[in-house]
Structures are given as C-alpha cells and as structure tokens.
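Report on the structure given below.
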Amino acid sequence: MFDILMYLFENYIHSEAEVMVDHDILTDELTRAGFHQDEIYKALNWLEKLSALQDSDAYPCLTRVGNKSFRIYTENEMQFLDTESRGFILFLEQVNVLDFTTREMVIDRVMELDTNHFSIDDLKWVILMVLFNVPGQENAYSQMEELIFEEQEGPLH
C-alpha cells in the first residue's frame, strides 16, 4: 500500500499534474502499473481518511488550537514509531514544521499504514503527504521538502 501512496504522490501530487478524481480511471491506471486491486483500495481509502481528518465535526480534537503539549505515545504507536521517528516528530514540532493538529494527523496516518517495515524515510514521506493536504501548511511543506531533499555538504558539526 505504501508503494501506491508513493507512486500517487510522486506522479500526481508532487509533480503538480492534474489529479484524477475518477476512482475507476485511477484504479485502472494503478492496476496497469502493476499494483494489486486490494492494495489499491487500501491506498485510496488511506487518502480519503487523510482528507476526512480535516472535518472539524468528525474530529473536533484535531481542530482545536493546542498549546505547547507533550505527546505521550501508546504502546502500539511506540512499536511502530521507533525512538528515531518519535524524536524526528518532536524536532519538527520544535522548528514549527508540525503543530498539534498536523502531528496528530501524521501519527494517525502512520498507524493506518498496512506495512511490516516502516522507516524514518517512510515517515518523512507521510509527513509530506499530510502537510501537502492541509490548507495553510504551504510553508511547513516547503520546510519539510528542504529537510528531505537538501544535501548537506561537509561535516555536520
């Protein structure tokens, strides 16, 4: 499923190509690209749920403005998000790339991924997908892109 999300993000969203609205056409294209039907439906459902997270009636806890808060992770979240991933999320909050709402959206979407292996690089892509889909987060999206794609030269100390 994550491969399909990456394919869609790179070929439609990130490339600024016109996004197809017709699920049948998109499903056909993904099938021709070699993805399995079940995985395609899971990926499209994942994207629909990402969009639904912005509904203030369905998810009122995500639409309130949170003060500085400290996130306590559940046992399941800690099994999926390793120490490095949790630290990266905290770092992004500290540099104002993520706020309360987008942090919770990222964690929600990560926990809904159907994968046995999840890395820090996968987390970065999920964060990009979330920030791209949340209105008003253009600056945060740009900062995240810079963090991912900017190559460091020389020693980091």
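What to note about this one:
- Estimated at the nearest 10 Å², the accessible area of LYS42 is 80 Å² with a 1.4 Å probe.
- Rounded accessible area of VAL134 (nearest 10 Å², 1.4 Å probe): 20
- Gain on full stretching of the segment that runs from ASP114 to ALA52 - 0.36 nm per residue minus C-alpha separation: 20.5 nm
- ³J(HN,Hα), Karplus 6.51/-1.76/1.60, whole Hz, each residue of segment 128-136, x for Gly, Pro: 4, 4, 5, 4, 5, 8, 9, x, x
The values are calculated or read from the model by the stated rules, or taken from the named source; none is laboratory data. Keep in mind the model is a prediction, meaning the values are calculated, not measured. When the accessible area is computed, the model is the full protein with side chains, heavy atoms only, and any ligands, DNA or RNA have been set aside. Shrake-Rupley method; radii C 1.70, N 1.55, O 1.52, S 1.80 Å.
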